[in-house]
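The values are calculated or read from the model by the stated rules, or taken from the named source; none is laboratory data. Keep in mind that this is a model prediction, so the values were computed, not measured. Here the Cβ positions follow ideal geometry from the backbone for every residue, glycine too, while neighbour counts run over all protein chains shown.
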Ligand SMILES: Nc1ncnc2c1ncn2[C@@H]1O[C@H](COP(=O)(O)OP(=O)(O)O)[C@@H](O)[C@H]1O
Ligand SMILES: [Mg+2]
């Protein structure tokens, strides 16, 4: 045990839904500067993990810490203000607001930026995420790729230290995934850590330095992306899923 606190830490976290165990005394640590991928079969509890970090769900047991301090008592809005941003697998913009307005809300509320700062941040993020041409469109009218971009952009607008990406590449074509990777690469420089849950494994391996594989609420493997994906146990939990897809 080192004296240095992890940026984000889950300590012996357990969570059950009825008879389904989605986290079984799970412990994970994320350091500043890391981009980490999380993989695991459907229903492994990946999204639930993000919900427990962002404060949308409470663990049954265990602790979630940022900079060594428990954040369990903080509501989602407070966690967002302290720099935890979560994207949703199914994007959740304010459908009737424009793309730009969505980013302003995130920057003012989540990022606690002043009006001019928030405006400037929203404008920069529009550019960065390839949404400039859609700035004045209602979010509800966007196609899938632009919705995914907006989900990422909204997360960024809250000025996160810890960015949790939940399947942002899901459903995109290969060229679209390549564009998304470029965006993630840019934003990496402004966030402290990125944790990315993704089924599009070839996208992950290009973006992350470490992969964690979860199944049945437990950690199956962790480490170098290529090594983790070549691990027989990891291949087995993915049986029926084309890991290279
Ligand atoms: N709020 C909830 N209430 C009951 N069951 C849930 C809830 N959220 C998720 N589950 C169940 O928990 C399991 C893990 O879900 P999830 O975290 O979404 O997995 P993943 O993101 O890895 O596919 C699934 O079996 C899912 O049906
Ligand atoms: Mg999920």
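Tallying residues that are farther than 19 Å from residue 156 by Cα, buried (at least 21 other Cβ atoms within 10 Å of the Cβ) and more than 16 Å from ligand 2 (Cβ to nearest atom) within the stretch 50-70 yields 2.
Among the residues of the stretch 78-90, is there at least one that is over 29 Å from residue 132 (Cβ atoms), modelled with pLDDT of 95 or more and either within 14 Å of ligand 1 (Cβ to nearest atom) or loosely packed, with under 14 Cβ neighbours inside 10 Å (or both)? Yes: the stretch 78-90 contains one or more residues that are over 29 Å from residue 132 (Cβ atoms), modelled with pLDDT of 95 or more and either within 14 Å of ligand 1 (Cβ to nearest atom) or loosely packed, with under 14 Cβ neighbours inside 10 Å (or both). Just a yes or no: is a residue in the stretch 143-150 surrounded by fewer than 16 Cβ atoms within 10 Å (Cβ to Cβ), more than 16 Å from ligand 1 (Cβ to nearest atom) and over 17 Å from residue 37 (Cα atoms)? Checked against the condition, which is being surrounded by fewer than 16 Cβ atoms within 10 Å (Cβ to Cβ), more than 16 Å from ligand 1 (Cβ to nearest atom) and over 17 Å from residue 37 (Cα atoms), the stretch 143-150 yields at least one hit. Looking across the stretch 142-166, the residues that are in contact with a helix residue (DSSP H, G or I) (Cβ under 6 Å, 6 or more places away or on another chain), assigned to a helix (DSSP H, G or I) and touching a residue at least 60 places away in the same chain (Cβ under 8 Å) come down to 154, 156. Among the numbered conditions (1) within 14 Å of ligand 2 (Cβ to nearest atom); (2) surrounded by fewer than 20 Cβ atoms within 10 Å (Cβ to Cβ); (3) over 23 Å from residue 201 (Cα atoms), the only one that residue 98 does not meet is (1). Of all residues in the stretch 186-225, those satisfying the criterion of being without any contact (Cβ under 8 Å) to a residue 60 or more places away in the chain and either touching a helix residue (DSSP H, G or I) at 6+ places or on another chain (Cβ under 7 Å) or closer than 21 Å to residue 43 by Cα (or both) are 186, 187, 200, 202, 203, 206, 221, 222. With the structure loaded, tell me whether residue 13 is assigned to a strand (DSSP E or B), under 15 Å from residue 166 (Cβ atoms) and in the same structural domain as residue 168 (by TED's automatic domain parsing) or whether it fails that test. Here the answer is no, as residue 13 does not meet what is asked.
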